[in-house]
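Before any comments, here is the structure.
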Amino acid sequence: MIRIIISICLLWVLVSQPILAQTLPQITCFTINDSEATFPFIDESRTKVIFVIFNIKAEKEIESWTNPLVQKFIRKSGLMDAMLDSEFKTVTFLNQLQHTEFKAASNKVENQLPEELKSLSYYTTEPKTSIQALLKNKADTSVLVVSSDGELIGFVSGGFTEEKLEKIEELIP
């Protein structure tokens, strides 16, 4: 009986301790126009919703997320979307070969991107392993919710589902 009481007390102490948020590593990123920024875009203003693409060959996953994220977080087209106080960004991790190909095609891509996405889309050639290790997964895409001071609040990974989009909304303070 005493073991049970001690176990319950220890469990209560462990559960009542605040869980420390994880700070994301700082990574240098560039826009299609070569403007530089530092991931996770700390600016003390608002929560960030960051669509991270770890593998540009995961076209189906990327396509499944693009429209719902743009509608919800950029155009704010839903009934309650205007109440989401967040800023949206995308970050694509490229290897050196992909980077060379990307730079060669960037003029064409720049003309095809909607104006509202040009300043929100970033790429980097830094290794993706530091972020994937922090997330403890190797999915091709993830959507991160990051506090204004760079702390990871939560994330979802893999292809789009309504449940994942709802989870992202719930994570925004």
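The values are calculated or read from the model by the stated rules, or taken from the named source; none is laboratory data. Computed from a prediction, not measured in an experiment: that's the story for all the values here. Methodologically, a virtual Cβ is constructed for each residue, glycine included, from the backbone with ideal geometry; neighbour enumeration extends over all protein chains shown.
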Write out, first by first residue and then by second, each pair whose Cβ atoms fall under 9 Å of each other, whose residues are 6+ apart or on separate chains, and whose first residue, in the range 162-173, is without any contact (Cβ under 8 Å) to a residue 12 or more places away in the chain while the second is surrounded by 15 or more Cβ atoms within 10 Å (Cβ to Cβ) and assigned to a helix (DSSP H, G or I).
-> E162/P68
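Is it the case that the range 155-163 has a residue that's modelled with pLDDT of 85 or more, over 30 Å from M80 (Cα atoms) and surrounded by 12 or more Cβ atoms within 10 Å (Cβ to Cβ)? So that I can check it myself, show each step before the final result.
First, pick out the residues of the range 155-163 that are modelled with pLDDT of 85 or more: 155-163.
Among the residues that remain, those that are also over 30 Å from M80 (Cα atoms) are: none.
Scanning the range 155-163 turns up no residue that is modelled with pLDDT of 85 or more, over 30 Å from M80 (Cα atoms) and surrounded by 12 or more Cβ atoms within 10 Å (Cβ to Cβ).
Taking the range 57-80 only, how many residues are more than 23 Å from L152 (Cβ to Cβ) and of a type outside the set (G, A, S)?
10
Do we find that F88 is assigned to a loop (DSSP other than H, G, I, E, B), within 27 Å of T125 (Cβ to Cβ) and not hydroxyl-bearing (S, T, Y) in this structure?
On the way: assigned to a loop (DSSP other than H, G, I, E, B): no; within 27 Å of T125 (Cβ to Cβ): yes; not hydroxyl-bearing (S, T, Y): yes.
The answer is no for F88.
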